[in-house]
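S.K.: A single structure is presented below for examination.
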Amino acid sequence: AQAVFKQADLANKHIVITAGPTQEAIDPVRYLSNHSSGKMGFSLAAAAAERGAQVTLIAGPVNLPTPAGVQRLDIRSAEQLLKTSLDCISSCDIFIATAAVADYRPAEAAEQKIKKDGSGSELSLTLIENPDILATVAKHSDRPKTVIGFAAETQQAEQYAQQKLKRKNLDAVVANDVSRQDIGFGADNNEIIWVTQSGSEPFGPATKHDVSHFILDHINTLIH
Ligand code: CTP
Ligand code: CA
């Protein structure tokens, strides 16, 4: 089945979307990261562009083509993602955070490749917490009118999403269960719950394309 035609109901809106994983350097050749494919964020970017929005996609390292009509800015670390997001904030109407940001990074990245000493002894890495890009944007004095987060959970998705909605000052949270192989990281399908202060609505399982349009339909309702 092909997508139904959508009118340009997001014309004149600047939508900024974060997507993919971040990579946090351990040394020049190693990093900490996660299994995010970036597919959900790239699909949302494509769908928003189809609906006439001006789309900026801030992408971590992923293996995906840039959707037609989308401006793409590549980043690697959470700190770069924060800086690039703040650079976009003043012109942004709708901010959507789909990125799987590494919650922690090595306290310092070694300047040279770390060598093993061969004795079989342990190596410890000290990790420090990364900035929360979504919460920073949502609590900023220049806050975009609409700020949407995702919540990747392995249990009690709806309850945790409600907590994130309040804690991060969001307009809505898209919750999904990443413990499920069929709909989680890297999958082409997704099953989500749209969570706002006034209630929640499940959607799917459906393709990420259809999930994207469901989310944009609801964002449209929020802004009108
Ligand atoms: N997020 C972010 N910056 C971070 C961590 C998360 O912008 N440093 C955003 C994600 O892009 C997502 C939302 O916050 O939209 C929720 O991410 P998630 O990992 O589910 O929540 P956390 O707040 O990191 O809490 P936890 O991982 O402990 O559940
Ligand atoms: Ca997290």
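S.K.: Output the residues belonging to the range 158-206 that are more than 13 Å from ligand 1 (Cβ to nearest atom), in contact with a His (Cβ under 7 Å, 6 or more places away or on another chain) and either free of Cβ contacts under 8 Å to residues at least 24 places away in the same chain or in a loop (DSSP other than H, G, I, E, B) (or both).
M.R.: G186
S.K.: Going through the range 144-157 one residue at a time, which ones are touching a residue at least 24 places away in the same chain (Cβ under 8 Å) and over 26 Å from L32 (Cα atoms)? Before you say what the answer is, go through the steps one by one.
M.R.: Restricting attention to the range 144-157, the residues satisfying the condition of being touching a residue at least 24 places away in the same chain (Cβ under 8 Å) are 144-155, 157.
The answer is P144, K145, T146, V147.
S.K.: For the range 154-168, name all the residues that are within 18 Å of T18 (Cα to Cα) and within 11 Å of ligand 2 (Cβ to nearest atom).
M.R.: Hit for the range 154-168 is K164, nothing else.
S.K.: Within the range 111-121, track down each residue that is of a type in the set (D, E) and over 18 Å from L32 (Cα atoms). Give the derivation first.
M.R.: To start, the set of residues in the range 111-121 that are of a type in the set (D, E) comprises 111, 117.
If the condition is that a residue be of a type in the set (D, E) and over 18 Å from L32 (Cα atoms), then D117 is the only one that fits.
S.K.: With the structure loaded, tell me whether T126 is hydroxyl-bearing (S, T, Y), surrounded by 13 or more Cβ atoms within 10 Å (Cβ to Cβ) and at pLDDT 95 or above or whether it fails that test.
M.R.: On the way: hydroxyl-bearing (S, T, Y): yes; surrounded by 13 or more Cβ atoms within 10 Å (Cβ to Cβ): no; at pLDDT 95 or above: yes.
Spelling it out, it is not the case that T126 is hydroxyl-bearing (S, T, Y), surrounded by 13 or more Cβ atoms within 10 Å (Cβ to Cβ) and at pLDDT 95 or above.
S.K.: Just name the residue that is nearest to ligand 1 (Cβ to nearest atom) out of those in the range 113-138 that are more than 15 Å from the chain's Cα centre (by Cα) and among the acidic types (D, E).
M.R.: Among those that are more than 15 Å from the chain's Cα centre (by Cα) and among the acidic types (D, E), it is E129.
S.K.: Then there is this: Within the range 139-157, restricting attention to residues that are at pLDDT 95 or above and among the charged types (D, E, K, R), which residue is nearest to ligand 1 (Cβ to nearest atom)?
M.R.: Only one residue tops the list, namely K139.
S.K.: Separate question: If you scan the range 211-224, which residues turn out to be free of Cβ contacts under 8 Å to residues at least 12 places away in the same chain and assigned to a helix (DSSP H, G or I)?
M.R.: D217, T221
S.K.: Oh, and also: Kindly indicate the residue of the range 47-76 that is among the small types (G, A, S) and surrounded by fewer than 22 Cβ atoms within 10 Å (Cβ to Cβ) and also nearest to the chain's Cα centre (by Cα) among those meeting that condition. Give the steps one after another, and end with the answer.
M.R.: So in the range 47-76, the residues among the small types (G, A, S) come out as 47-49, 52-53, 59-60, 68-69.
With the extra rule that they be surrounded by fewer than 22 Cβ atoms within 10 Å (Cβ to Cβ), the set shrinks to 49, 52, 68-69.
Numbers: A49: 17, G52: 21, A68: 19, G69: 19 Å.
That would be A49.
S.K.: What's the number of the only condition in (1) touching a residue at least 12 places away in the same chain (Cβ under 8 Å); (2) among the charged types (D, E, K, R); (3) within 16 Å of ligand 1 (Cβ to nearest atom) that D87 fails to meet?
M.R.: It fails just one condition, (1).
S.K.: Report every pair of residues separated by at least 6 positions or lying on different chains whose Cβ atoms are under 7 Å apart, first residue within the range 106-135 and of a type in the set (S, T, Y), second in a loop (DSSP other than H, G, I, E, B) and loosely packed, with under 10 Cβ neighbours inside 10 Å.
M.R.: What qualifies is T126/A107.
S.K.: For the range 104-151, which residues satisfy the criterion of being assigned to a loop (DSSP other than H, G, I, E, B) and within 15 Å of ligand 2 (Cβ to nearest atom)?
M.R.: N130, P131, D132
S.K.: Can you tell me which residue is farthest from ligand 2 (Cβ to nearest atom) among those in the range 169-182 that are charged (D, E, K, R) and crowded, with 18+ Cβ neighbours inside 10 Å? So that I can check it myself, show each step before the final result.
M.R.: First, the residues of the range 169-182 that are charged (D, E, K, R): 171, 177, 180, 182.
After this cut, where a residue has to be crowded, with 18+ Cβ neighbours inside 10 Å as well, the list is 171, 177.
Working: D171: 19, D177: 15 Å.
It comes out as D171.
S.K.: Do we have any residue at all in the range 31-45 that's touching a helix residue (DSSP H, G or I) at 6+ places or on another chain (Cβ under 7 Å), closer than 30 Å to P205 by Cβ and part of a loop (DSSP other than H, G, I, E, B)? First the steps, then the outcome.
M.R.: Looking only at the range 31-45, we keep the residues that are touching a helix residue (DSSP H, G or I) at 6+ places or on another chain (Cβ under 7 Å), and these are 39-40, 43-44.
So of that shortlist, the ones also closer than 30 Å to P205 by Cβ come out as 39-40, 43-44.
Narrowing further to those that are part of a loop (DSSP other than H, G, I, E, B): none.
No - not one qualifying residue is present in the range 31-45.
The values are calculated or read from the model by the stated rules, or taken from the named source; none is laboratory data. Source: prediction; values computed, not measured. When we count neighbours, we look across all protein chains shown, and the Cβ atoms used for this are built from the backbone with ideal geometry, even at glycine.
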